Amino acid sequence: METPVESIESLMERAETYGNTTYKLSKLIALETVTMVFTSLITRVSIVIMISMFALVFNIGIALLLGEVFGKTYYGFFIVAIFYLIAGIIMNAYLHQWIKKPISELIIVQALK
């Protein structure tokens, strides 16, 4: 039969082991969450970069085409720039709803998995 001192020592050893295991598990869960969030964001950023490159080349083509239609090449670039000015104003008005909120929700959902 164990003495009370031996029982308390055994209990303390188990509590220490439990605490260390819980700490290591928490670290691994946090690492997994951070990894999931960053890999998801990196994937999405790379897709955005590819789409941006396509959009850049496409817009140069449209600007050259419009410039040819209107007689001066730079007219096409002015028209495309004005289009993006208007689009930027609209985006600024709805930035929170279209961009900030979905990205925040993505990070929260990934962090809670």
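None of the figures in this text is laboratory data; all of them are computed from the coordinates on show. Remember, it's a predicted structure, so these values are computed and weren't measured experimentally. Here Cβ is always computed from backbone atoms with ideal geometry, including for glycine, and neighbour counts include all displayed protein chains.
Once C-alpha pairs closer than 8 Å and six or more residues apart are averaged by separation and normalised to the residue number of the chain, the relative contact order reads 26 percent. Partners of Lys27 within straight-line reach, counting aspartates and glutamates whose Cα lies under 20 Å from its Cα and excluding those fewer than 8 residues away in the same chain: Glu16.
Note on the range 33-73: the alpha carbon radius of gyration divided by the globular reference 2.2 N^0.38 Å gives 1.91. In the chain, if the dipole is taken from +1 on Lys/Arg beta carbons and -1 on Asp/Glu beta carbons about the Cα centre, which of Ile86, Ala111, Met50 is farthest to the positive end? Result: Ile86, furthest along the dipole toward the positive end.
Note on Ile99/Tyr74: beta-carbon distance plugged into 1/(1 + (r/R0)^6) with R0 of 25 Å gives a FRET efficiency of 0.20.
Dipole size of the range 4-112 about its Cα centre, with +1 on Lys/Arg Cβ and -1 on Asp/Glu Cβ: approximately 600 debye, rounded to the nearest 20. The slack between Leu28 and Ile89, meaning 0.36 nm per residue of separation minus the straight C-alpha distance, is 17.6 nm. Among the helices of the chain, those built from whole DSSP H runs whose Cα atoms reach 24 Å or more along their own axis and whose mean Kyte-Doolittle hydropathy is at least -1.0 are 4-70, 73-93. Extents of the range 4-112, largest first, come to 98, 25, 14 Å (Cα atoms, principal axes, whole angstrom).
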